């Protein structure tokens, strides 16, 4: 189902999203953890009674909840570009049998450029993992190195990555090879203004700093048609757009891709006159 969102639509606030992973530690432990991480990307509910939440800088997570399964019971889940790991811990909370979170931690440079804060890498994730007593695995590794794994996963989160990599098709290919037969991949990335779900297959190329000030790591903006065409070049069998909201003036796009039980022949989705 496609969900349309107006720019001022009401979707869950960051605190309401955070409440899906309830940690509920003492106020003293919550304050200690809050102060131990120089910058939080995700918002976590450490103690709801005292309104102690991590001050996550990511402000566009509310609309994603409608696309995330209510249950991951018995599934193996891969969270790529996990950062503080909210979606890893959410999948575990919802019953996943195994969750692997990976991040190459290049966000350390991005955070330094954008906010002038120096991170070591992984400190937010590990702080929350300890509080939860979580079994989520974490690996510092590049997503393109995932071909070195033998494991396959029933579900993959690919949030906020395609617009930040030089080769988005290559990344989708790698992730598709990590999907089990019948697996699903939830893809979210930067969109284009005025995306009506049409067949425009041309991705936009952003100039450094055009999308976010002091952020030189946003390369692409994808229309619904461009993202569907990109999926068509992989062994993913289908792609369904769920939403194209605009958050604080920034267009986003989210959709669900599925994988065939058997490989199919690739066919170009975009024809060129040259």
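Here are some notes:
- Choice from 167, 229, 47 with maximal GNM fluctuation in the chain (Cα, 10 Å cutoff): 167
- Of 99, 192, 202, the one that fluctuates the most in a GNM where the chain has Cα springs shorter than 10 Å: 202
- Relative contact order, percent, region 62-259 [alpha-carbon distance under 8 Å, six or more residues apart]: 19
- Region 62-259: antiparallel DSSP beta bridges as a percent of all, rounded to 5: 45
- For region 1-135, the relative contact order works out to 21 percent when only alpha carbon pairs closer than 8 Å and six or more residues apart are counted.
- Which label in [x] 0.98; [y] 0.92; [z] 0.95 gives the computed Rg/Rh (Cα atoms, Kirkwood Rh): [z]
- Modelled spin labels at residue 250 and residue 32, positioned 7 Å past Cα toward Cβ, are 3.3 nm from each other.
- Computed across region 138-266, the Kirkwood hydrodynamic radius from all distinct Cα-Cα pairs reaches 15.1 Å.
- Order by protection proxy (mean Cβ within 10 Å, highest first), peptides 245-254, 154-163, 19-28: 154-163, 245-254, 19-28
- Protection proxy ranking of 116-122, 233-239 - average other beta-carbon atoms within 10 Å, highest first: 233-239, 116-122
- Against the chain, whose longest principal axis comes from its Cα atoms, helix 168-177 is set at around 80 degrees.
- Order of 11, 40 under a 10 Å beta carbon neighbour criterion, fewest first: 11, 40
- Mean Cβ neighbour count within 10 Å, used as a protection proxy, ranking 172-182, 139-149 highest first: 172-182, 139-149
- Simple label model, 7 Å out from Cα along Cβ direction - residue 50 to residue 120, nm: 2.4
- MRE, 222 nm, helices only [DSSP H, n ≥ 4, -39500 (n - 2.57), over the chain, to nearest 500]: -6000 deg cm²/dmol
No value in this document is a laboratory result; all are computed from the given coordinates. Note that this is a predicted model, so its numbers are computed, not measured. Cβ atoms come from the backbone with ideal geometry, glycine included; neighbour counts cover every protein chain shown.
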